[in-house]
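The values are calculated or read from the model by the stated rules, or taken from the named source; none is laboratory data. These numbers come from a predicted model, not from an experiment. Backbone-built Cβ (ideal geometry, glycine too); neighbour counts: all protein chains shown. Accessible surface areas use protein heavy atoms only, side chains included; no ligands, DNA or RNA. Shrake-Rupley method; radii C 1.70, N 1.55, O 1.52, S 1.80 Å.
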Amino acid sequence: MNRHLTTKLAFNSCEHDYLHEMKKLTPQQLKSDEENLILKRQLQRQKKARKQAESILEEKSYELYQTNQSLQESIAQLDRRVDERTQELRDAKNLSEKNAQDLEKSNKRFELVLEASKAGLWEINCETREVRCSERLANMFHLSLTEATEKLADLSIFAGENGREVKARLNKAMASETTVDLECEIAVGNGPARWFKLNARTHFDTNGKALWLAGAFVDINERIEIALSAQHMATHDNLTNIANRALFNKRMAEAHEASIRSNEIFSIIILDLNAFKEVNDEHGHQAGDQLLRHVANNVLSVVQNTDTVARLGGDEFAIILRDIKTVDYVTAVCQKIIYRCGKKITCNEAQVGICISMGVATYPNDGATTSELIRNADLAMYHAKKNKNSQSAFHIFSHELVADIQQARAMRLAIKEGMKKQEFILHYQPKYNVESNRILGVEALIRWPRADGSYTPPDEFIPHAEEGGLINELSEWIINEGCKQAARWFRQGLEIPVAINLSPLQFAEQNLPNIFYDALRRNNLPGTMIGVEITENCVIDDLYRTTHQLSLLRALGIEVSIDDFGTGYSSLSYLHQLPIQVIKIDRSFIGQVTDNPESATIADAIIKLSHALGATVVAEGVETEEQLVWLKERKCEAAQGYYFSPALPAAKIPTLASVTFQASPKDSRQAG
Ligand code: C2E
Ligand code: CA
Ligand code: CA
């Protein structure tokens, strides 16, 4: 009950008491004034008291009212606060419900992402090394959850080549570093190691102390394998699977750098197959490919793991031999390569073999830069190859070789200049019928006069003309000049056939029958007035092509002789296939027939063989009467040599042709 109410009730009870007292007085009792006065005073006092009581009451009741008012306000405020709070709580509840829903959604999405990313999750306590990892992670490594946990705790899962580096990175991350992004190899089950991508982050407390390292593994083996195979393809030769030129260059640069750093000596070998084109033509490209692989594998079998074997293209290979201790070692490697590569392989039931040429250059003696080394190894290789298609060989670079090459270059320039200035002339050496002692023809021999009246010998410039690609032009001039001279004699009524020496290269590069046909027609000369002398090398390089061209020359009436017989790598098997009329025994045998039984035996055998093949024999380099007698006894038909005559200017031939040869002491052993 409030105070206002209490005051009001107290006042009501006083008034009630006063009226009650008045009602109790009798008229007798009120008779006396005194008594009335007293009563009045009493009444007044009572009225005053009542007023006072009333004003107090009023005052109190106002206070009560005010108190009541503020109470009401407080209650209303409280009610409002309760409402607000209730709303707040309701909002908070709604929000948290929404958050929970969102969280669930995002968790689901996260799980989906994890599922899709195929990542294996893992975290490790940096201090205790306690590990938690996902089921997927364990599955990835073909391990149970316990095994995976254990292997991750001590990081022993990271084995193999880059394992040590990975462990170091992770240990560092668990101390200070905050991110790890790397690719690592991990052994999976019993199979080979697979590649994984590992991304991990370290979580630190506010004091900077590493708490957890958490990360994810993703299997990237397929991607790495594709990348590795793409890289392999970019650096290896498709056919032989050895290094290609790009990788060779890289390895050479590495060897060069290592040598500069540590004074290491390394060698470059350039290896080229001889007459590889012929193998392809004769046995097909499959055989060619098989040979290239055969060479690649055999070279690989000879060198060390630290060396590099590369195919630079076509039939050209290159080898880097690292850390050379002695020259003998390089020599031994080359010999082994020749031995192993020289073994024949079976291809389409045929035995196919190949010869190789190698050139060696060694750092630092043979070149300060890699390109200089390659160039010099190449020079050495060409030197080894020179005219040795049918033989494997190697040559070790020397600085004299450069001098030779410079000399050769100067010679080539001089030959070009000489051709332009028409410095070359032909001399003619008679061939005699040994029975009649009469000239049966002449051999055209080229002469290059020097300023002092002497001649540069053909042996000194013909090989350079061949190597420098000048021989075809020079030979065409010789063919024309020979035909012109034979035609001049023919017009004078002298039938002196002129034999022209041919270079093996001409068979490979020229259409010889056409050239001869044109020369004969231009000079109005019968083909029987011209002969050709070919060496065995012409035949060996391409038997089919040579035979074909010779047959066409024969069809023009041109006589074909085999020159220098017995000195080349002749095979009797092809001899009978060739359209040849004459075999010329090399002068190295004739020079010794009378004092070296071996030479005599060979010369004798050649004469018999030639006759058996239906060919006539010309003995070259006859210098003495005894040699001539020896030849006559063996029915050798013709002879040529200083005993009869050296090569002479054309003008001197008609006189000789008109007489029978008369031996005189003065005639023998003339200089050519
Ligand atoms: P070849 O075809 O065997 O020529 C014979 C060589 O023997 C000639 O040397 C000739 O002068 C020399 N000779 C002749 N009789 C005797 C002798 O009794 N004793 C000695 N010791 N030598 C004798 P030449 O003229 O110096 O020619 C050397 C080689 O150069 C020739 O050998 C031939 O292979 C080549 N050659 C010469 N002229 C030509 C040519 O016009 N074209 C081509 N492609 N090669 C040629
Ligand atoms: Ca000759
Ligand atoms: Ca000869």
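Once you have the Cα-Cα distance between THR67 and ASN190, take 0.36 nm times their residue separation minus that, and quote the gain in nm to one decimal. Let's see the in-between values first.
Working: separation 123, 0.36 × 123 = 44.28 nm, distance 9.05 nm.
Using 0.36 nm per residue and subtracting the Cα-Cα distance, I get 35.2 nm.
Let's test the formula: R0 of 56 Å, r as the Cβ-Cβ distance of ALA253 and TYR544. What FRET efficiency results, to the nearest 0.05?
Efficiency computed from Cβ-Cβ geometry: 0.80.
So for each of 530-536, 640-646 I average, over its residues, the number of other beta carbons within 10 Å; can you give me the resulting order with the highest mean first? Walk me through the numbers on the way to the answer.
On the way: 530-536: 23.4, 640-646: 21.7.
Answer by packing, highest mean first, reads 530-536, 640-646.
Hey, with R₀ at 60 Å, roughly what FRET efficiency would LYS48 and ARG80 work out to, going by the Cβ-Cβ distance, to 0.05? Spell out each step's value before the answer.
Numbers: r = 47 Å, r/R0 = 0.79.
Between LYS48 and ARG80 the formula returns 0.80.
If one computes P(r) from the Cα atoms of the chain, what percent of pairs lie at distances over 35 Å? Numbers along the way, then the final one.
Numbers: 154385 of 225456 pairs.
Summing the P(r) tail past 35 Å for the chain gives 68 percent.
Helix 163-173 versus the longest principal axis of the chain: what is the Cα-based angle in degrees, 0 to 90, to the nearest 10?
Orientation of helix 163-173: about 30 degrees from the principal axis.
Taking 0.36 nm per intervening residue step and subtracting the Cα-Cα distance, what contour gain separates SER664 from ALA153 on full extension?
Details: separation 511, 0.36 × 511 = 183.96 nm, distance 10.94 nm.
Gain on stretching SER664 to ALA153: 173.0 nm.
Rounded to the nearest 0.05, what FRET efficiency do LYS172 and LEU211 give with R0 = 22 Å and r taken as the Cβ-Cβ distance? Could you check?
After rounding, the FRET efficiency stands at 0.90.
Can you tell which of ILE515, CYS636, ASN501 lies farthest toward the positive end of the dipole of the chain, using +1 and -1 charges on the Cβ of basic and acidic side chains (Lys, Arg; Asp, Glu)?
ILE515
Not counting ligands, DNA or RNA, and with a 1.4 Å probe, what is TRP212's accessible surface area in Å² rounded to the nearest 10?
Result for TRP212: roughly 70 Å² accessible.
Over 30 Å between Cα atoms: which of LYS277/LYS325; LYS343/LYS608; LYS386/LYS608; LYS343/LYS386; LYS344/LYS386 fall into that group?
Numbers: LYS277/LYS325 37 Å; LYS343/LYS608 35 Å; LYS386/LYS608 33 Å; LYS343/LYS386 22 Å; LYS344/LYS386 23 Å.
Pairs exceeding 30 Å: LYS277/LYS325; LYS343/LYS608; LYS386/LYS608.
For the chain, give me the percentage of DSSP beta bridges that are antiparallel, rounded to the nearest 5 percent.
Around 70 percent of the beta bridges assigned by DSSP in the chain are antiparallel ones.
Taking a temperature of 20 °C and a viscosity of 1.002 mPa s, what whole-number D in µm²/s does Stokes-Einstein yield for region 40-83 with Rh from Kirkwood over alpha carbon pairs?
Reported coefficient: 169 µm²/s.
Considering only protein heavy atoms, what is the solvent-accessible area of PHE490 at a probe of 1.4 Å, reported in Å² to the nearest 10?
About 70 Å², rounded to the nearest 10.
Would you mind telling me the share, in percent, of accessible area of the chain contributed by carbon and sulfur at probe 1.4 angstrom?
So the carbon and sulfur contribution to the accessible surface is 51 percent.
Counting only residues 5 or more places away or on other chains, whose amide H sits under 5 Å from the amide H of PHE394 once H atoms are built in the peptide plane?
Residues meeting the criterion, in which the H sits 1.01 Å from N, are MET358.
Along Cα→Cβ, 7 Å out, is where each label goes; now give me the distance between the ones at LYS325 and ARG522 in nm to one decimal.
The modelled label-to-label distance comes out at 6.4 nm.
Just from the alpha-carbon atoms, what are the Rg and Dmax of region 118-226 in angstroms?
So, for region 118-226, Rg and Dmax equal 13.3, 45 Å respectively.
Can you pull the semi-axes for region 409-660, root of five times each eigenvalue of the Cα gyration tensor, sorted largest first, whole Å?
With the √(5λ) rule applied to region 409-660, the semi-axes are 27, 22, 20 Å.
Grab the eigenvalues of the alpha-carbon gyration tensor for region 236-356, scale each by 5, take roots, and send me the semi-axes largest first in whole angstrom. If you can, show how the numbers build up before the last one.
Details: eigenvalues 163, 47, 20 Å².
Semi-axes (√(5λ), whole Å): 29, 15, 10.
What number comes out for accessible area per residue over region 236-356 if the probe is 1.4 Å? Units Å², please.
49 Å²
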